[in-house]
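What follows is a single structure, written as structure tokens, with notes after it.
Only the coordinates and a few stated rules stand behind these numbers; no lab work does. No experiment lies behind these values; they were computed from the predicted model shown. Counting neighbours? That spans all protein chains shown, and the Cβs are built from the backbone with ideal geometry, glycine included.
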Amino acid sequence: MTSLAIYEPSSFVPPVQAPTSRRLLAAAHVVADPASGGAGAPDRIDLEATLAIRRQLWSWGLGVAEAMDTAQRGMGLSWAEACELVPHTIAESRACGGDLVVGAQTDQLEPGAARSLREVEAAYEDQVGFVEGHGGRVCLMASRELARIARGPDDYLSVYRTVLSQVREPVIIHWLGEVFDPALTGYWGYPDLDAAAEVLLTVVEGNAGRIDGIKLSLLDQRRELVLRERLPDGVRLYTGDDFDYPRLIRGDGERHSHALLGVLDAIAPAAATALAALDAGDGDEFERVLEPTLPLARKIFETPTYNYKVGVTLVAFLNGLQPHFRLLGGLESARSISHLREVYCGAGEAGLLVDPELAAARMRHLLALAGVDR
């Protein structure tokens, strides 16, 4: 029998009222249907189990970001399957009054298929129209096809100007850095991130009334602080920094970041508790509650960062939020068994294991399957 530390059970309780001081959106993972796939058949999601993850996040007072990279967009979740999921998530959000944004991009285009900027624009328009047509609000994700065919910053300015001119409600623009998706290297027309940020700022300044905020996923705190300082009034900065979120969200007394984070899927109870303290004006308590989650977050998001979905799903499995540890496309195999064990320990040390005996039993089972007996 594998020896594992048994941790104290989680003591977090759901907040009595919705947060007011910050908007925190958890990019939620999807639960795979373990009986799907194989012999050339596509993997599918377990719809009810996937929606249950979202209801759990809303119960903690957090918002949900649907069909984002955490849900394996571009790594197992197709636009066709997102089209099945999104209307259900929008309906669930209405039923419980939960905050929701939905990712729209251009992934209905086959890789390498786009031959013109107009094709990219049309793909964006179709997805934005689908989301808004079902009553959802949009997070405008980065486009791999635009990154592939764009000849420079003017092409980005043209595409975003066209797409933004048609949105019904202000959107969040998501800048996903190459650490999360190497196919997006050189986004905004420059490999240099400072030069790229200037293009993004030009987009924002020219369309501020149509932009709710910028979601920045560069894992670079300095650049986030600089960009946050330069955004027009009324345009929010949503941190995507899963390494250093507590201080960015707390802010410096003048400016602060909101958040759209994959790690919130795994640390929702701690984030909700910390946010309640921040709402009450206690920034020190906010950081004190969130600091123990940082080692877990940094482990889940370690290089190669884009495999972070594995750790997020593992925490849900350990907490009994889903019946198995499987991901679309077999992505659960993308992390080593030693990595998974460290995620288990990080979740326990952060006080995030609801039923420690169940979590330990499930972790022992994974270790045994991997041939690890000590």
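What the table below lists for this structure:
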quantity	calculated
Matching residues in the range 184-219 - criterion: being free of Cβ contacts under 8 Å to residues at least 40 places away in the same chain, in contact with a helix residue (DSSP H, G or I) (Cβ under 9 Å, 6 or more places away or on another chain) and more than 20 Å from PRO232 (Cα to Cα)	THR185, GLY186, GLY189, TYR190
Check on ALA65, within 16 Å of the chain's Cα centre (by Cα), part of a helix (DSSP H, G or I) and surrounded by 23 or more Cβ atoms within 10 Å (Cβ to Cβ)	no
Residues (in contact (Cβ under 8 Å) with a residue 24 or more places away in the chain and either surrounded by fewer than 20 Cβ atoms within 10 Å (Cβ to Cβ) or more than 23 Å from the chain's Cα centre (by Cα) (or both)) located in the range 157-180	LEU157, SER158, VAL159, ARG161, THR162, SER165, GLN166, ARG168, GLU169, PRO170, VAL179
Any hit, the range 72-92, residues being among the aliphatic types (A, V, I, L, M), buried (at least 23 other Cβ atoms within 10 Å of the Cβ), closer than 27 Å to ALA259 by Cβ and in contact (Cβ under 8 Å) with a residue 40 or more places away in the chain	yes
Residue check, MET141 within 23 Å of ALA49 (Cα to Cα), buried (at least 24 other Cβ atoms within 10 Å of the Cβ) and within 17 Å of the chain's Cα centre (by Cα)	no
Filtered residue count, the range 181-234, keeping only those that are of a type in the set (Val, Ile, Thr), out of contact with any Pro (no Cβ under 9 Å at 6 or more places or on another chain) and either assigned to a helix (DSSP H, G or I) or surrounded by fewer than 21 Cβ atoms within 10 Å (Cβ to Cβ) (or both)	2
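Yes/no matrix, rows are residues, columns are (1) hydrophobic (A, V, I, L, M, F, W, C); (2) under 29 Å from ARG210 (Cβ atoms):
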| position | (1), (2) |
| --- | --- |
| ALA32 | yes, no |
| ALA35 | yes, no |
| ALA41 | yes, no |
| ALA49 | yes, no |
| TRP60 | yes, no |
| SER78 | no, yes |
| ASP99 | no, yes |
| GLU119 | no, yes |
| VAL131 | yes, yes |
